[in-house]
Amino acid sequence: MAEDGPEPTQLDMPLVLDQDLTRQMRLRVESLRQRGEKRQDGEKLLRPAESVYRIDFIRQQRLQFERWDVVLDKPGKVTITGTSQNWTPDLTNLMTRQLLDPAAIFWREEDSEAMDWNEADALEFGERLSGLAKIRKVMYFLLTFSEGVEPANLKASVVFSQL
């Protein structure tokens, strides 16, 4: 019996809350409010139920998307939207055109331990991450929490196989 090649290595890359960037984006909202100014045309302002997360790609080459690993420790919903934004130290404002489609939506129903998701969109989004990982060291995400869920209730990662 011929042996197939070695099994690909699985890489579990967690989505990590970027507290500094989230805080800076909240300060932008507060600053506009205090000065009575409006957002720039097309600018995406962070809402209270939104936070910025990131994945630091430790290995960039030859990654193949395998699956999302998302757990909510209570019923609710989280929407994960990728961004094409490469934030710079001056915190260039996030524009709505920089939000990628489709978004991955995960939810947990009351009286259920199982996670549900918009499978086709989540898989398409995950597959796009493999290509983006080739050109980025960091990928940013906008996470929107709803139905009683907040960042402390979430554990999320993207699993890749390294070819």
Subject >> Three-way shape call for the stretch 108-163 based on the alpha-carbon gyration tensor, with the a/c threshold at 1.5 >> reply: prolate
**OP:** Give the total of Lys-Lys pairs in the chain with Cα-Cα distances below 29 Å; include a pair only if its members are 8 or more places apart or on different chains.
**Re:** 10
**OP:** Considering only protein heavy atoms, with the full assembly of protein chains and a 1.4 angstrom probe, order T144, T83 by accessible area, largest first.
**Re:** T144, T83
**OP:** Select from the stretch 64-163 those GluC sites (Glu not before Pro) which occupy a DSSP coil region and have at most 10 other Cβ atoms within 10 Å, ordered by residue number.
**Re:** E110, E113
Original post:
Got a number for carbon plus sulfur as a percent of the chain's accessible area, 1.4 Å probe?
Top reply: 48
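The values are calculated or read from the model by the stated rules, or taken from the named source; none is laboratory data. Given the structure is predicted, the values throughout are model-derived calculations rather than measurements. Backbone-built Cβ (ideal geometry, glycine too); neighbour counts: all protein chains shown. Protein only, heavy atoms only, side chains kept; ligands, DNA and RNA dropped before computing areas. Shrake-Rupley method; radii C 1.70, N 1.55, O 1.52, S 1.80 Å.
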